[in-house]
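Let me begin by presenting the structure, written as structure tokens, before commenting on it.
The values are calculated or read from the model by the stated rules, or taken from the named source; none is laboratory data. Note that this is a predicted model, so its numbers are computed, not measured. All Cβ positions, glycine included, derive from the backbone under ideal geometry; neighbour counts span all protein chains shown. The area values use the complete protein model at the heavy-atom level, side chains included, leaving out ligands, DNA and RNA. Shrake-Rupley method; radii C 1.70, N 1.55, O 1.52, S 1.80 Å.
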Amino acid sequence: MKRIKLLLFLLSLMSSMSAQDKLFTLEELNFGGKDYHRLQHENKWLTWWGDELIRTDVEECYLVDKKTGKETKLFTLDEVNRWLKSDDMFHVRALSSASFPYPDQPLVALGNKKSFLLLNFKTHEVVWQDSISGQIANDWNEVSKATAYVKGHQLYVADAKGTEHQLTTDGSREIVYGQSVHRNEFGIQKGTFWSPDGMRLAFYRMDQSMVADYPQVDIFPREATYEPDKYPMAGMTSHEVTIGVYDLNIDKTVYLKAGDPKDRYFTNIAWSTDAKTIYLFELNRDQNDCRLVSYDAQTGNKLAEIYRETSEKYVEPLHPIQFLPWDDSKFIMQSQRDGYNHIYLYNTNGQLLKQLTSGPWVVLNVLGFNAKQKSIIIEANKYHPLHRQLYRVNIRSGKMTQLTSDDGVHHGELSVSGSFVIDRHSAPTQPFNLNVLPVDGRKGTRLLTAEDPWKDYVQPIFECGSIKAADGTTDLFYRMVKPHDFDITKKYPTVVYVYGGPHAHNVEAAWHWYSRSWETYMAQKGYIVFILDNRGSENRGRDFEQATFRQLGQIEMRDQMKGVEYLKTLPFIDMQRLGVHGWSFGGFMTISLMLNYPDVFKVGVAGGPVIDWKWYEVMYGERYMDTPETNPEGYAKISLLDKAKNLKGKLQIITGYNDNTVVPQHCLSFLDACVKAGTQPDFFAYPGEEHNMRGHASVHLHERITQYFEDFLK
């Protein structure tokens, strides 16, 4: 018996040691990997039914007690399909996307590719159903039960009775209705906007007939086919956008009389609470003159210019105005005009009533309102640039109350009345916590503390710190990822991972300091990976972001080289084996660093890189660089074509063959420049892929990136 016990103990010990020595594969770490799901932290999918908390799952929906976390089953998938008496056409496949649009009614909204319906889960009856799911740009309004959608390039509205109303007849590849415009800049994500009562629909019409085609090609048919993409490049002719308003009551459409749409941007459409007035931000092509304008929704006539903001650099409206639920004569507006994104209270006459938030920090997100307390619930980095907390802001007093207490990153989802918030939280050493909090300051309830899904694996060391930028005063934050068996007496090959561009950041106080899983894979192979957020990246205020104006890549490189200077001070960094890698703007930065500092970086891998900004899109490119005609020196300075001769190290360039964001002209032109200069980069293209590799191609991509460093840096 003693021998058996000893044998079992030894087997258990061996098993434990084996688990602790377990190494990661890219199939586990990469989001396209076959085993990726196994290494994700535990989660619960929650949604609101008014102020009631619901957990949705594939097979069941549960009512969650907000005080205790106790769950009570509402219904199951089998029950739903039995109540529907459905054949396969209307069979519901899962409940994970179920929603509960009516706070005072036991109705669940469910859909599949063929239908969308409202089911009373107490009486087990279908109370409403349509059959237009699966069309493009579906936009359903819960008040009128009308749906806007695009079919065959034309915009339609189906009313609550299912009657189809065709709004347009001239839609085509060149005349686009009801979809996102201005290439998804200025916060635009869709093209239809219902009024609060669901009886009027504002929609975009984009005429891109005057925009040049970029000649994309589909290589997969027997004979490759031409699939051109409308792509307005910096300084060239852009599309023209107008805004229509359809009135379901009278089956009539009018267009806002905004004047000539040429070289203008219309964004952040908002409705008044009485559905009579439309508000939007209008921006000139230079993007330095922004105006909030109101229009009569019935006639399309311009009513007033409510607000105007100008800048010597650029103004970037990203958020529609939001009316106070308890006072339809007042609204909040977000602006960076004092140097940081903050909230301002206005009335509809354009009078500034007060600035509600202020200070050297950023309002990151407005979750909504609490009418009872007359307050706004926001996410902000007031506590620290790397941390995100939830706050309640009193409209009357301006008093700001922090709702979350744990360090780290909090993302909130507000209940319908604004009385409760779902708090999804992560910290450097904690993968995920799930809480529900009353916004009145009472103690919340922890619903889930997720275990470390990597606990059985050998994990790298994740560190965070700060250095000074090239200006000598600004703090820049970095992440460093080291091998699990790091030895300070050894020297390690090191890869600088870089993005560096606007509207992105790489370092925050989330799990593992927001590390990308590829960094873990590299650390496992014996590398140190260093990531620095330079000036020009997001969430640090207007001046921090706009420091790169008219000279993209220059300030960013200086800051990244400050990071390299810091690496030189560390005895364990092998400066003879320093590599660099990035994608998109990071690809541009990778090649820029390789060519401007050819004796520093031995190996680089650049994905989807911008090579010359005159080939990038109008909206983004001109915001930061102006046009090639107005800023020729800036464009010439940052172009990488004439620097191809500087290449010394090993450089691999990777692109999606059908990239419609950074078109292949960039990479191919750089290869041509290298041929003429006699330099020898390596090149790989993914057929059929766009700007980012999708599915399992992403695993292949990251194995290729890794192998390049293994071959030439290690």
### Task
Determine, yes or no, whether Tyr231 is under 30 Å from Ala636 (Cα atoms), crowded, with 22+ Cβ neighbours inside 10 Å, under 27 Å from the mean Cα position of the chain (by Cα) and touching a residue at least 24 places away in the same chain (Cβ under 8 Å).
yes
### Query
Going through the stretch 71-122 one residue at a time, which ones are among the basic types (Lys, Arg) and more than 33 Å from the chain's Cα centre (by Cα)?
Lys73, Arg82, Lys85, Lys122
#### Entry: So Glu545, is it at pLDDT 95 or above, closer than 21 Å to Ile638 by Cα, open to solvent by 20 Å² or more (accessible area, probe 1.4 Å) and out of contact with any helix residue (DSSP H, G or I) (no Cβ under 9 Å at 6 or more places or on another chain)
yes
### Task
Hey, can you tell me all the residues within the stretch 267-308 that are in a loop (DSSP other than H, G, I, E, B), polar (S, T, N, Q) and buried (at least 16 other Cβ atoms within 10 Å of the Cβ)?
Ser272, Thr273, Gln287, Asn288
### Task
Answer with yes or no whether Thr163 is closer than 27 Å to Lys252 by Cα, surrounded by 20 or more Cβ atoms within 10 Å (Cβ to Cβ) and of a type outside the set (Gly, Ala, Ser).
no
### Query
Within the stretch 360-390, which residues are under 26 Å from Gln430 (Cβ atoms) and in a loop (DSSP other than H, G, I, E, B)?
Trp361, Val362, Asn381, Lys382, Tyr383, His384, Pro385, Leu386, His387
### Test for Val393: is it surrounded by fewer than 20 Cβ atoms within 10 Å (Cβ to Cβ), at pLDDT 95 or above and part of a strand (DSSP E or B)
no
### Query
Here are some residues: Glu538, Glu508. Which one is acidic (Asp, Glu), free of Cβ contacts under 8 Å to residues at least 40 places away in the same chain and part of a loop (DSSP other than H, G, I, E, B)?
Glu538
### Segments classed as helices (runs of 4 or more DSSP H), wholly inside the stretch 589-699, with at least 1 members that are crowded, with 20+ Cβ neighbours inside 10 Å, aromatic (Phe, Trp, Tyr) and under 25 Å from the mean Cα position of the chain (by Cα)
618-625
#### Entry: Within the stretch 102-120, tally of residues that are open to solvent by less than 40 Å² (accessible area, probe 1.4 Å) and in a loop (DSSP other than H, G, I, E, B)
4
### Query
Only one residue in Lys66, Lys122, Lys145 is closer than 25 Å to Asp423 by Cα and modelled with pLDDT of 95 or more. Which one?
Lys66
#### Entry: Matching residues in the stretch 83-100 - criterion: being open to solvent by less than 40 Å² (accessible area, probe 1.4 Å) and modelled with pLDDT of 95 or more
Leu95, Ala98, Phe100
### Message
Here are the criteria: (1) open to solvent by 60 Å² or more (accessible area, probe 1.4 Å); (2) more than 24 Å from Gln322 (Cβ to Cβ). Tell me which single one Gln351 does not satisfy.
### Response
(2)
### Message
Looking for something touching a helix residue (DSSP H, G or I) at 6+ places or on another chain (Cβ under 8 Å), open to solvent by less than 40 Å² (accessible area, probe 1.4 Å) and free of Cβ contacts under 8 Å to residues at least 24 places away in the same chain - is there at least one such residue anywhere in the stretch 121-134?
### Response
no
### Task
Would you point out the residue of the stretch 413-443, among those that are more than 20 Å from Glu508 (Cβ to Cβ), part of a loop (DSSP other than H, G, I, E, B) and open to solvent by 30 Å² or more (accessible area, probe 1.4 Å), that is modelled with the lowest pLDDT?
Gly441
### Query
Looking at (1) open to solvent by 40 Å² or more (accessible area, probe 1.4 Å); (2) more than 22 Å from Lys44 (Cα to Cα); (3) polar (S, T, N, Q), which is the only condition Ser375 fails?
(1)
